[in-house]
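Worksheet: the structure to be examined is printed underneath.
The values are calculated or read from the model by the stated rules, or taken from the named source; none is laboratory data. What you are looking at is a predicted structure, and each value in this text was computed from that prediction instead of being measured. All Cβ positions, glycine included, derive from the backbone under ideal geometry; neighbour counts span all protein chains shown.
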Amino acid sequence: MQVIRADEKLALFSKPALEVTNQFRLAPDDFLVICAGFEDRSLAVLKNALAVSTDFTIIIIEYLPFIAQNHLAEIRAMCQQARIKTIELCYDRQNPAGFGDVLLGKLARIRGRIFLDISGMSRLLIVQVLVALSTGIEGFKHCVIAYAKATEYPPSTAEVEKALQQSYEDPTYSILLLSSGVFEVTVVPELSSTAIGSGQTRLVAFPTFSADQLTALRAELQPSRYTLIHGIPPSPENQWRPDAIARINRLDALPCEQLKSSTFDYRETLDALLRLYGEYAVRERLLISPTGSKMQAVAIGLFRAFVSDIQIVYPTPKEFRSPDNYTKGVGPLYSLPLEGFSVGSA
């Protein structure tokens, strides 16, 4: 009898696409998990759901350390006005270990669906939550990803070119477009690798406008080899971004394998991870850092939910710049049912 590997099993699943959703309709037994982030889109799914129903439960995740611009007060006010049942949990970005199990404990006995609004979630939190939910009695059977796109994705071309020019003129100049510094390279126990240690390690990372993230990963982990996955935006007006990110991170000086995957279609990233695992996992220990887009983090979370012998590492930002430097506005809303990733669906 041939035993199918975890990655082979994952490859067999029918992977659904994100679908535009005009209206989220939650039933009395359903839960909506929402994060109090500072982006405009952090409130979009909640506002949409409350427009047609107030008879469900909301789990509000408050971020620590405290950031004044986060929408916690607005979320509380909206829930109080709607007289809707709420549960509040704290997620400490600088001490995130075990949060997935805390959330799972609140969701373990529910009879309805679990809507995960990732619009305001950090990348590491997305991975933690998905891996935790996969360990539940019914896995992803009743789970739905809810996602609000933004209308603008800073920084602008002009801002990037100005920062690059300054860095060319002054080698000590640090380009700080989105976040500043790295608190630490976070490794939480629940996302650690079950593989026996290997002398060869491969870092799989997603370069960003924050060059200090990749710098911290390289310095702390000192991997033997690199695979960098460049995020390709779906919008034509943002196609300049991968090249700019490569210049900011000075990737021309780093010997590495370079791949591409959509920042929006999680299936491209999931397929890339499956290929990398099949090609390298026998000889190398894989370290994966979810520094890309939120939907790329979804792919990493689903991958890690099935393939446990990879290590998740994350360069936790020390400080965020002004919320004006992050996404702006609210675009279309999307849903992604995860039932197809449940046991027996392959």
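Numbers below:
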item	result
Out of 114, 118, sole residue that is buried (at least 21 other Cβ atoms within 10 Å of the Cβ), modelled with pLDDT of 95 or more and within 18 Å of residue 300 (Cβ to Cβ)	118
Selection from region 134-146 of residues that are at pLDDT 90 or above and surrounded by fewer than 19 Cβ atoms within 10 Å (Cβ to Cβ)	135
Criterion violated by residue 313 - all others in (1) among the aliphatic types (A, V, I, L, M); (2) modelled with pLDDT under 95; (3) buried (at least 21 other Cβ atoms within 10 Å of the Cβ) satisfied	(2)
Whichever residue in region 147-166 is of a type outside the set (Asp, Glu) and part of a helix (DSSP H, G or I) and, among such residues, is surrounded by the fewest Cβ atoms within 10 Å (Cβ to Cβ)	158
Extreme residue, surrounded by the fewest Cβ atoms within 10 Å (Cβ to Cβ), among residues of region 31-62 that are farther than 10 Å from residue 330 by Cβ and acidic (Asp, Glu)	55
Subset of region 44-72 (residues that are polar (S, T, N, Q) and farther than 12 Å from residue 26 by Cα)	69, 70
Tally, over region 194-222, of residues that are buried (at least 21 other Cβ atoms within 10 Å of the Cβ) and more than 27 Å from residue 160 (Cβ to Cβ)	1
Residues that are under 22 Å from residue 53 (Cβ atoms) and out of contact with any helix residue (DSSP H, G or I) (no Cβ under 8 Å at 6 or more places or on another chain), drawn from region 82-112	83, 85, 88, 106, 109, 110, 111, 112
Number of positions in region 188-199 that are outside any helix (DSSP H, G or I) and in contact (Cβ under 8 Å) with a residue 40 or more places away in the chain	7
Residues (part of a loop (DSSP other than H, G, I, E, B), surrounded by 14 or more Cβ atoms within 10 Å (Cβ to Cβ) and under 19 Å from the mean Cα position of the chain (by Cα)) located in region 72-94	93
Qualifying residue in region 98-108 (condition: surrounded by fewer than 22 Cβ atoms within 10 Å (Cβ to Cβ), outside any helix (DSSP H, G or I) and at pLDDT below 95)	yes
Within region 83-97, tally of residues that are among the hydroxyl-bearing types (Ser, Thr, Tyr) and either modelled with pLDDT under 95 or closer than 11 Å to residue 188 by Cβ (or both)	0
Residue, nearest to the chain's Cα centre (by Cα), within region 109-123, restricted to residues that are part of a helix (DSSP H, G or I) and over 18 Å from residue 30 (Cβ atoms)	123
Any hit, region 69-77, residues being over 23 Å from residue 188 (Cα atoms) and touching a residue at least 60 places away in the same chain (Cβ under 8 Å)	yes
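Table: residues versus (1) surrounded by fewer than 19 Cβ atoms within 10 Å (Cβ to Cβ); (2) over 16 Å from the mean Cα position of the chain (by Cα); (3) outside the structural domain of residue 93 (by TED's automatic domain parsing); (4) at pLDDT below 85.
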residue: 168; (1), (2), (3), (4): yes, yes, yes, yes
residue: 176; (1), (2), (3), (4): yes, yes, yes, yes
residue: 184; (1), (2), (3), (4): yes, yes, yes, no
residue: 187; (1), (2), (3), (4): yes, no, yes, no
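Yes/no per residue for (1) out of contact with any helix residue (DSSP H, G or I) (no Cβ under 7 Å at 6 or more places or on another chain); (2) not charged (D, E, K, R):
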position: 184; (1), (2): yes, no
position: 199; (1), (2): yes, yes
position: 225; (1), (2): yes, no
position: 244; (1), (2): no, yes
position: 273; (1), (2): no, yes
position: 281; (1), (2): yes, yes
